[in-house]
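*Asks:* Have a look at the structure that comes next, please.
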Amino acid sequence: MLQSVFEKPVQVVLGRQGITSVVGPEQATQCLTSGFWPDKSGVAFENAMSACLKSLSGVCAPEMAREAFISAARRAHILVEDEIAH
């Protein structure tokens, strides 16, 4: 897997871990598959997993994975909204 990072970290609230700053697709994938992610179903979750894995294999840009991860986190109600700048 390639090392890649987001231009800007994404902050999410993951259970007892509290606010977590996610810096790239690898960490995003770990968050999505962790026991702290509240809902591992639905289109937003599936798109985020797919985009993160594609980014790690070099098929898509990290920023595409970031946007998909933001959508999944927002859908799961764990996104720290005031940290997001579009």
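The values are calculated or read from the model by the stated rules, or taken from the named source; none is laboratory data. What you see is a predicted model; the values in this text were computed from it and never measured. With ideal geometry, Cβ positions are generated from the backbone for all residues, glycine too; neighbour counts draw on all protein chains shown. Heavy atoms of the whole protein, side chains included, go into the accessibility calculation; ligands, DNA and RNA do not. Shrake-Rupley method; radii C 1.70, N 1.55, O 1.52, S 1.80 Å.
*Asks:* I'd like the full set of residues that are over 12 Å from A73 (Cα atoms), open to solvent by 60 Å² or more (accessible area, probe 1.4 Å) and within 12 Å of the chain's Cα centre (by Cα), limited to the stretch 10-45.
*Replies:* Scanning the stretch 10-45 gives V23, E26, Q30, T33.
*Asks:* Keeping to the stretch 48-67, report how many residues are part of a helix (DSSP H, G or I) and either small (G, A, S) or over 19 Å from E7 (Cβ atoms) (or both). Step through it out loud before you land on a result.
*Replies:* From the stretch 48-67, those part of a helix (DSSP H, G or I) are 48-56, 62-67; that's our starting set.
Of the ones still in play, those that are also either small (G, A, S) or over 19 Å from E7 (Cβ atoms) (or both) are 48-51, 53, 55, 65.
Here the count works out to 7.
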